[in-house]
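Each value in this text was obtained by applying a stated rule to the coordinates, not by laboratory testing. Since the structure is predicted, the reported quantities are computational estimates derived from the model, not experimental observations. Note: ideal-geometry Cβ built from the backbone for every residue, glycine included; neighbour counts use all protein chains shown.
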Amino acid sequence: FFHQEVATPEYSGPFSDDSDTLLLLHLENNVTDDNSTARTAYDQSTQGSFAFSSGVVKFGSYSLGGGGIPGGWQDNVNPSTWADFDTADFTIEFWARFDASANTDQLQVGAAATGDWQVFIGFDSGFTAFGRTNIAWDVSTTTSYSADTWYHFAFVRQGANLWIWRDGSQLARTTNNAAKDFAMSYFRANFGGNAAASDYVYVDEFRISDIARYTVPFIIN
C-alpha cells in the first residue's frame with residue numbers, strides 16, 4: 001500500500017499576506033503591493049498592451065490581461081531581497097488563463113539576462129519551464145492547456161530542488177544547486193497573446209515568498 005502525502009490547502013480564496021511574503025499583488029485594478037506586513041512599497045507600473053478586466057476574474061473584481069507581448073507589469077526598483085535568491089528558497093505563484101489560441105499566448109516572469117531566474121509558460125505549445133535564462137532551462141516539461149481555464153502555477157526552490165506545480169500537481173522536478181538570482185534593474189512579468197485578435201493572457205493574484213511553500217502535492221480550493 002502506497003500513501004501519497006498531500007499538503008493541506010494553502011487558501012480557499014485570494015493569496016494571504018504573511019511574514020514570508022515578499023510581494024503580493026491582488027491586481028484589483030492596480031499593480032499595488034499589499035504591504036500589510038510593512039514591506040517597502042515597490043514602484044510597480046503596467047507596461048505594453050494591457051487591460052484590467054472586470055469580466056475575466058478568478059478572485060475579487062479584476063484581473064490583469066496582456067494582449068500583445070510585452071504586456072503586464074514591471075517593478076522599476078531592484079529589491080535587494082530578490083537578489084538573495086541565488087542560494088535561498090523561494091516560491092513564485094499566480095493564477096493564469098488564456099483566450100482562444102492564436103499561437104502567441106505566453107507568460108514570462110523574470111529577467112532576460114543570461115543566468116538569472118526565469119519562469120516561462122507557452123500556453124499554445126504547452127512548453128513550461130523554470131531556471132536559467134538564455135542558457136538552459138533547469139527544469140521543463142510539455143503539457144496541454146485549455147483556453148478559458150484558470151490554472152494555479154507555483155515555481156518552487158528548496159535547496160537544490162526545483163519544482164513546477166500546476167493546480168497542486170507536480171508537472172516537473174529536478175535538482176540543481178547552481179547560484180542564480182533576480183539581480184536586475186527591474187523585475188518584470190510579460191504576458192500576452194495577439195492583441196489584434198483580442199487574444200489575451202490573464203493573471204490574477206501574484207505572490208513571491210521567501211520560503212518553499214509547496215514541496216508535496218497540495219489542494220487548491
Next item on the list: Calculate, for Phe127 and Thr175, the FRET efficiency according to 1/(1 + (r/R0)^6) with r their C-beta to C-beta distance and R0 30 Å; round to the nearest 0.05.
Entry: 0.90
Item checked: Radius 10 Å from Cβ of Trp165, net charge of other residues (Lys, Arg +1; Asp, Glu -1) -> +1
Next item on the list: Mind checking the full-extension length gain between Ser54 and Ala88? Use 0.36 nm per residue of separation minus the Cα-Cα distance, one decimal, nm.
Entry: 8.6 nm
Note to self: Per 0.36 nm of contour for each residue apart, how much would the distance between Asn221 and Thr32 grow if the chain were fully extended, relative to their Cα-Cα spacing?
What the structure shows: 65.6 nm
